[in-house]
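Here's the structure, in structure tokens; my notes come after.
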Amino acid sequence: MKLILMGPPGAGKGTQARRVAESYGVPQLSTGDMLRAAVKAGTEVGQRAKAAMESGGLVTDDIVVGIIADRIGEADCGKGFILDGFPRTVAQAVALDAMLAERGLHIDHVIDIAADTEALVSRITGRSTCAKCGEGYHAVHKKPAVAGVCDKCGGNLTTRADDNEETVRNRLAVYHQQTAPVIDHYRNGGTFRTVDGMLPMDTVYTELCAILG
Ligand code: ADP
Ligand code: ZN
């Protein structure tokens, strides 16, 4: 199964990608997670990506295309993969088409999780994630029993540096300008579907599974 999960920041791509990856036994390839890991580790890629990420802009296409090209060549991607946060520009989509064609592969499903802008701002500015197990929380919609502590594993909850209102608004603007056109790139391919990201998370998940079969 080779799936692209699209959607604006805060639509729930990451959460859904994680669940789908777990139940279908394929890896979740999140360029955001990979870039944050590179920044944290202080690698060359991380150093080149840091400023763009902090401002809510996009990291250059050559960096993310390189990361994905390396990653899909790894053994665990043999059964398929879920792309979460990539492609984010038409140029990235074109590069992905080329790297898949080279390997005789193709994308099976492109699913866009749609959501409205104001809801996204409040979702993102209230969210936190367990540093240990990755479970997501929200200050209003999904409070942990003890503030700052994960219900599941007791790990510390962390907030992303780019989840402040100013940066979020910039990320949303970038999404509308640069990532929304990627939808048109796939819309004519026959594999494109949209799900309503304003529905409860479990409902979104059920709808995704219905599409994936
Ligand atoms: P979100 O979808 O909530 O904005 P991500 O974790 O997917 O969060 O991405 C965080 C940041 O990482 C983006 O704002 C951007 O700077 C960078 N990034 C992630 N994926 C890409 C990509 N495919 N192309 C360019 N930049 C990216
Ligand atoms: Zn946890």
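Tilt of helix 201-212 relative to the longest C-alpha principal axis of the chain, in degrees (0 to 90, nearest 10)?
So the inclination is approximately 10 degrees.
State log₁₀ I(q)/I(0) for the chain at q = 0.09, 0.11, 0.19 Å⁻¹ as given by the Debye formula over alpha-carbon point scatterers of equal weight, solvent excluded.
These q points yield log10 I(q)/I(0) values of -0.34, -0.51, -1.72.
For the chain, find the longest principal axis of its Cα atoms and tell me its angle to the long axis of helix 44-55, 0 to 90°, nearest 10.
So the helix axis and the longest Cα principal axis differ by about 60 degrees.
As a test, work out the antiparallel percent of DSSP beta bridges whose residues both lie in the chain, rounded to the nearest 5. All intermediate terms of the calculation are to be shown ahead of the outcome.
Working: 7 of 23 bridges.
Roughly 30 percent of the beta bridges in the chain run antiparallel, per DSSP.
Among Val39, Val121, Val146, which one shows the biggest mean-square fluctuation in a GNM of the chain, springs joining Cα atoms closer than 10 Å?
Result: Val146 has the largest fluctuation of those listed.
Kindly rank 200-206, 46-52 from highest to lowest mean number of other beta carbons found within 10 Å of each residue.
Working: 200-206: 14.0, 46-52: 15.7.
Taking the mean over residues of other Cβ atoms within 10 Å, the ranking is 46-52, 200-206.
What are the GluC sites (Glu not before Pro) within the stretch 68-125 that DSSP puts in a loop, where the Cβ has at most 13 other Cβ atoms within 10 Å? Spell out each step's value before the answer.
Working: sites: Glu74, Glu102, Glu118; in loops: Glu74.
Sites meeting the loop and neighbour criteria: Glu74.
Residues with beta-carbon under 10 Å from that of Ala95, excluding Ala95: net charge, scoring Lys, Arg +1 and Asp, Glu -1?
Numbers: positive: none; negative: Asp61, Asp62, Asp97.
Every neighbour counted, the sum reads -3.
Among Arg193, Arg103, Arg169, which one shows the biggest mean-square fluctuation in a GNM of the chain, springs joining Cα atoms closer than 10 Å?
Highest fluctuation of the listed residues: Arg103.
Top mean-square fluctuation among Gly25, Gly56, Gly190, Gaussian network model of the chain, C-alpha springs under 10 Å?
Gly190
Lys and Arg at +1, Asp and Glu at -1: add these up for the other residues within a Cβ distance under 14 Å of His138 and post the number.
Details: positive: Arg123, Arg127, Lys142, Lys143, Arg160; negative: Glu135, Asp151, Asp163.
Around His138, the charge tally is +2.
What is the sum of charges around His109, taking Lys and Arg as +1, Asp and Glu as -1, for the other residues whose C-beta is under 10 Å from the C-beta of His109?
Numbers: positive: Lys2, Arg193; negative: Asp108.
Charge balance near His109 sits at +1.
Taking the chain as the reference, fit the longest principal axis to its C-alpha atoms, fit the long axis of helix 90-102 to the helix C-alpha atoms, and give the angle between the two in degrees, 0 to 90, nearest 10.
On a 0 to 90 degree scale, this one is about 50.
Among Glu54, Glu44, Glu135, rank each residue by its count of other Cβ atoms within 10 Å, from fewest to most, as a rough exposure measure.
Details: Glu54 12, Glu44 9, Glu135 18.
Listed from fewest to most nearby Cβ atoms, that is Glu44, Glu54, Glu135.
Any idea how far apart Cys209 and Val94 come out in nm if each label point goes 7 Å out from Cα toward Cβ?
4.0 nm
Readers should treat all values here as calculations from the given coordinates under stated rules, not as data from a laboratory. Predicted model, so just to flag it, every value in this text is computed and none were measured. Every residue, glycine as well, gets a Cβ built from its backbone with ideal geometry; the counts of neighbours run over all protein chains shown.
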